[in-house]
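Some notes on the structure that comes next.
The values are calculated or read from the model by the stated rules, or taken from the named source; none is laboratory data. Since the model is a prediction, treat every value here as computed from it, not as a measurement. Cβ coordinates were reconstructed from backbone atoms using ideal geometry, including for glycine residues, and neighbour counts include every protein chain displayed.
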Amino acid sequence: MGTIPTMTSILLQHGRIIDPHSEFDAVGDLLITDNRIVAIGTVENIPAETETIDCTDCIVSPGLIDIHVHFREPSSGQHEETIATGAAAAAAGGFTTVCTMPNTTPATDTPEIITNAIKIAKNVGKCRVLPTGCATIGRQGKELAPISEMTKAGAIAITDDGDVVEDDAMMASVLHAACEADRCFMQHCQNPKLTIGGVMHAGEVQEALGYGPWPREAEESVIARDLALNKNIGCAWHAQHLSSGGSVAIIEAAQQAGQRATGEASPHHLLLTDEACKTLGTMAKMNPPLRSQKDIETIKDGIKRNVITILATDHAPHTQESKDLPFPDASFGIVGIECALALYIKALIDDDIIDWPEMLAMMTSNPANLIGRSDLGRLSIGGKADVTVINPREEWTIMASDFLSPARNCPFNGWKVHGRAILTVLGGKITFSQAKTTSC
C-alpha cells in the first residue's frame with residue numbers, strides 16, 4: 001500500500017478577518033487545511049501538528065491581487081526582472097495573484113507564449129501569475145492578435161499596454177473579439193498624436209524645466225473614444241493607471257449609461273505630483289506622467305464615490321542605467337509592488353478617503369471580478385487558501401536596496417510608512433513570512 005499523505009494545516013488566530021466579498025468583518029480564527037479554507041470565525045476542531053500563527057491586532061485578508069505588473073519575461077536578453085524575481089517580490093508585498101502585461105520581447109501575442117509564462121510561474125510557486133495577451137500582433141496596432149486562442153491558453157485579459165490601439169476600426173475589432181472571448185480589455189490611455197516629444201505633465205513645472213509637454217487630453221480623449229466605440233459592443237472595458245482628474249467624469253458617465261467601464265489608480269498617481277520631477281528627476285518619470293494636486297484630489301474623490309474601483313501598481317522595473325540618462329531619454333516607470341500596500345494606506349486610509357474593507361475590496365474582490373475569477377479575492381469555506389495577513393500598525397522605512405526585485409527605480413525610497421504584509425499564503429502554502437509561528 002502507498003503512503004497516505006499527511007494533511008498540513010495552518011491556524012490564523014485572533015485576527016480581524018475582513019472579506020469584502022461577503023462583507024464579513026470580525027475578530028476570529030481562520031483554519032487552512034492543505035489548499036483550502038475549512039473554518040472562518042470560530043474553529044472547533046484543530047488537526048494535530050497544526051502550525052499556529054498569532055494574528056492579534058492584524059488583519060486577515062483574501063490574498064491581494066495586482067492586475068497590472070511588468071515582469072519582463074520573455075526578454076531578448078538579460079533584463080531587470082523575471083517571472084521568478086517578480087513573483088518573489090509580489091509575495092513579499094502580500095500579493096498572491098498578479099496579471100502580467102504583454103509588452104515583453106517578443107510580445108505576448110501567441111498562445112504558446114501564454115502557456116510558457118503560466119508554466120514558469122507554476123514552477124516558481126511564489127505567486128499566481130496570470131498573463132494578459134496582446135490586442136494586436138506585436139502591439140503594433142495593425143493586425144488583430146489571435147485573441148480567442150490566447151484566452152483558451154490562459155490569457156486573463158487583452159491589452160496592448162505600453163501602446164494604445166490607435167485606429168478606430170481596429171479598436172472596435174479588438175473590443176468585439178475580447179467580448180466574444182469573455183475577457184476584459186485593458187487600455188493604455190495615451191493618444192500618441194498628443195504626446196509627441198512629451199515626457200511630463202504639461203504645466204508650469206514642465207515649462208520651467210523645459211521638457212516636452214504631456215497634456216491631460218492625451219488620456220481623456222482615448223477614454224472618450226473607446227467608450228463611444230464600446231457603447232454598442234458591451235465589452236468589459238478598463239482604464240489603466242489613471243492620472244487625469246478629467247478621466248473620472250468620463251468613466252462615471254459611461255457607468256451611468258450602463259457600460260461595464262472601470263478604472264484603476266496607482267500609488268504614484270495618488271501621492272506624487274509633477275513637482276517631484278524637480279527633486280527626484282527621472283525617478284519621477286512615469287507613463288502617464290505625474291500631474292497636479294487637483295488631479296490627485298479628483299481621483300481620490302472618484303475612489304471615494306466608487307467610480308474608480310481597483311488599485312494596481314503598474315510595477316515597472318528598469319535598470320539603473322536607463323534611469324541615469326537625461327530626463328527626456330530615461331525610461332518611464334517605477335517599481336512598487338513590495339511597498340504598495342503601505343502607500344495605499346497612506347494615500348487612502350490615513351487621508352480618510354476609504355476604510356479598510358473598502359480598500360481591500362479594491363485589492364481583492366474587485367480585481368477578481370474584472371478578470372472573471374470568482375475563485376479568487378475572497379475568503380470562503382472550501383475556497384482557495386489564498387490569504388494575506390497585514391500588520392496595519394507596523395512602522396518601517398521603504399528601502400529599495402532591500403527589495404527582492406532586482407530593480408531599484410522607486411521614488412518612495414526612504415519614506416517612513418506604516419502597514420505591511422507579514423504573511424502571504426498561496427494555495428495553503430506560505431510564500432512569505434515575518435510572522436511568529438507555533439505548533440499545536
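Of everything in segment 160-182, what is more than 16 Å from G372 (Cα to Cα) and among the acidic types (D, E)? Give them in sequence order.
Matches in segment 160-182: D160, D161, D163, E166, D167, D168.
Restricting the search to segment 132-187, which residues are touching a residue at least 60 places away in the same chain (Cβ under 8 Å) and not polar (S, T, N, Q)?
Correct list: I156, A157, D161, G162, D163, D168, A172, L175, D182, R183, C184, M186.
Which of the residues that make up segment 287-316 are touching an Asp or Glu at 6+ places or on another chain (Cβ under 8 Å), among the aliphatic types (A, V, I, L, M) and assigned to a loop (DSSP other than H, G, I, E, B)?
L290, V307, I308, A312
Can you work out which of the residues in segment 247-286 that are out of contact with any Leu (no Cβ under 8 Å at 6 or more places or on another chain) and surrounded by 19 or more Cβ atoms within 10 Å (Cβ to Cβ) is farthest from A316 (Cα to Cα)?
S247
Conditions: (1) in contact with a helix residue (DSSP H, G or I) (Cβ under 7 Å, 6 or more places away or on another chain); (2) without any contact (Cβ under 8 Å) to a residue 12 or more places away in the chain. E207 meets all but one. Number of the miss?
(1)
Is it the case that segment 419-433 has a residue that's charged (D, E, K, R), more than 16 Å from the chain's Cα centre (by Cα) and exposed (fewer than 15 other Cβ atoms within 10 Å of the Cβ)?
No, every residue in segment 419-433 fails to be charged (D, E, K, R), more than 16 Å from the chain's Cα centre (by Cα) and exposed (fewer than 15 other Cβ atoms within 10 Å of the Cβ).
Which of the residues spanning segment 151-167 are in contact with a Ser or Thr (Cβ under 7 Å, 6 or more places away or on another chain) and either within 20 Å of L242 (Cβ to Cβ) or not β-branched (V, I, T) (or both)?
A153, G154, A155, A157, I158, T159, D160, V165
Quick check on my filter: what residues within segment 283-316 are in contact (Cβ under 8 Å) with a residue 60 or more places away in the chain and out of contact with any strand residue (DSSP E or B) (no Cβ under 9 Å at 6 or more places or on another chain)?
M283
Test of understanding: among T82, T105, which residue is crowded, with 19+ Cβ neighbours inside 10 Å, modelled with pLDDT under 95, farther than 28 Å from A261 by Cβ and assigned by TED's automatic domain parsing to the domain that holds I223? Reasoning before the result, please.
Numbers: T105 fails: crowded, with 19+ Cβ neighbours inside 10 Å.
Selected residue: T82, the only one of T82, T105 that is crowded, with 19+ Cβ neighbours inside 10 Å, modelled with pLDDT under 95, farther than 28 Å from A261 by Cβ and assigned by TED's automatic domain parsing to the domain that holds I223.
Taking the condition in a loop (DSSP other than H, G, I, E, B), in contact (Cβ under 8 Å) with a residue 24 or more places away in the chain and over 13 Å from the mean Cα position of the chain (by Cα), does I345 pass? Even if it seems obvious, please write down each step before you answer.
Working: in a loop (DSSP other than H, G, I, E, B): no; in contact (Cβ under 8 Å) with a residue 24 or more places away in the chain: yes; over 13 Å from the mean Cα position of the chain (by Cα): yes.
No, not satisfied.
Only one of G428, G377, G419 is under 26 Å from I296 (Cβ atoms), at pLDDT 95 or above and not assigned by TED's automatic domain parsing to the domain that holds N123. Can you tell me which? First the steps, then the outcome.
Details: G428 fails: under 26 Å from I296 (Cβ atoms); G377 fails: under 26 Å from I296 (Cβ atoms).
Matching residue, one of G428, G377, G419: G419.
Return the residues of segment 237-278 that are farther than 25 Å from L341 by Cβ, in contact with a helix residue (DSSP H, G or I) (Cβ under 7 Å, 6 or more places away or on another chain) and of a type in the set (A, V, I, L, M); say none if nothing qualifies.
I250, A254, A261
Hey, could you check segment 359-388 for residues that are over 16 Å from the mean Cα position of the chain (by Cα) and not in a loop (DSSP other than H, G, I, E, B) and say which is surrounded by the fewest Cβ atoms within 10 Å (Cβ to Cβ)?
The selected residue is K384.
Which is hydrophobic (A, V, I, L, M, F, W, C) and in contact with a helix residue (DSSP H, G or I) (Cβ under 9 Å, 6 or more places away or on another chain), of L348, L423?
Within the list L348, L423, the selection yields L348.
Checking the structure you have, find out if any residue of segment 298-320 is in contact with a His (Cβ under 7 Å, 6 or more places away or on another chain) and either in the same structural domain as V425 (by TED's automatic domain parsing) or surrounded by fewer than 24 Cβ atoms within 10 Å (Cβ to Cβ) (or both). Let's see the steps before the verdict.
First, pick out the residues of segment 298-320 that are in contact with a His (Cβ under 7 Å, 6 or more places away or on another chain): 299, 312-317.
Right, trim to either in the same structural domain as V425 (by TED's automatic domain parsing) or surrounded by fewer than 24 Cβ atoms within 10 Å (Cβ to Cβ) (or both) and you get none.
Scanning segment 298-320 turns up no residue that is in contact with a His (Cβ under 7 Å, 6 or more places away or on another chain) and either in the same structural domain as V425 (by TED's automatic domain parsing) or surrounded by fewer than 24 Cβ atoms within 10 Å (Cβ to Cβ) (or both).
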